[in-house]
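The structure appears below as C-alpha cells.
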Amino acid sequence: MKSTNFETYLCSNLNITQQESSSIIKNCKTKTISKDQFLLRENEHCKQTFFVEQGLLRMFSLDKKGKEHILTFASENWFLTDR
C-alpha cells in the first residue's frame with residue numbers, strides 16, 4: 001500500500017502504529033476533485049469529513065444578495081467539514 005499524507009498524519013499526530021492507521025484507512029474513500037468542482041452544494045447535508053492530500057479547498061457561503069463569503073481554506077494535510 002502506498003503511504004499517503006493521511007497515513008503519515010495519523011501516525012505522527014495520534015501516535016498510532018502503521019497497522020492501526022491502515023485499519024482506519026480501510027474505512028476511508030479517496031475522492032479526486034477538479035478545480036471548480038464542489039464537494040457539497042447548497043441545501044445538501046454534509047455527512048463526511050475531508051482530508052486534503054494535495055491542493056487547497058475553500059469553504060464559502062453566499063448571502064442573500066449572492067455575495068460570496070470565504071469561511072476558511074484547507075491546505076494540504078488539513079481536515080475540512082461543514083460546520
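With the requirement that a residue be among the charged types (D, E, K, R), assigned to a loop (DSSP other than H, G, I, E, B) and in contact with a strand residue (DSSP E or B) (Cβ under 8 Å, 6 or more places away or on another chain), what does segment 61-80 give you? So that I can check it myself, show each step before the final result.
The first filter runs over segment 61-80 and keeps only residues among the charged types (D, E, K, R), leaving 63-65, 67-68, 76.
In the following step, the residues that additionally are assigned to a loop (DSSP other than H, G, I, E, B) were identified as 63-65, 67, 76.
Scanning segment 61-80 gives 63, 76.
Go through 26, 35 for me and flag whichever is within 22 Å of residue 61 (Cα to Cα), free of Cβ contacts under 8 Å to residues at least 24 places away in the same chain and of a type in the set (Lys, Arg). Break it down stepwise before answering.
Numbers: 26 fails: within 22 Å of residue 61 (Cα to Cα).
One residue alone meets the criteria, 35.
Out of 83, 58, 41, report the one residue that is basic (Lys, Arg), touching a Cys at 6+ places or on another chain (Cβ under 9 Å) and either outside any helix (DSSP H, G or I) or at pLDDT below 95 (or both). Full working, then the answer.
Details: 58 fails: touching a Cys at 6+ places or on another chain (Cβ under 9 Å); 41 fails: touching a Cys at 6+ places or on another chain (Cβ under 9 Å).
Within the list 83, 58, 41, the selection yields 83.
Restricting to segment 24-38, count the residues that are loosely packed, with under 11 Cβ neighbours inside 10 Å and either in a helix (DSSP H, G or I) or acidic (Asp, Glu) (or both).
1
Which residue, of 81, 8, 72, 17, is in contact with a Ser or Thr (Cβ under 6 Å, 6 or more places away or on another chain), of a type in the set (S, T, N, Q) and surrounded by 10 or more Cβ atoms within 10 Å (Cβ to Cβ)? First the steps, then the outcome.
Working: 8 fails: in contact with a Ser or Thr (Cβ under 6 Å, 6 or more places away or on another chain); 72 fails: in contact with a Ser or Thr (Cβ under 6 Å, 6 or more places away or on another chain); 17 fails: in contact with a Ser or Thr (Cβ under 6 Å, 6 or more places away or on another chain).
Answer to the check: 81.
The values are calculated or read from the model by the stated rules, or taken from the named source; none is laboratory data. All values derive from a computational prediction rather than experimental measurement. No Cβ is skipped: glycine too gets one built from the backbone with ideal geometry, and neighbour counts run over all protein chains shown.
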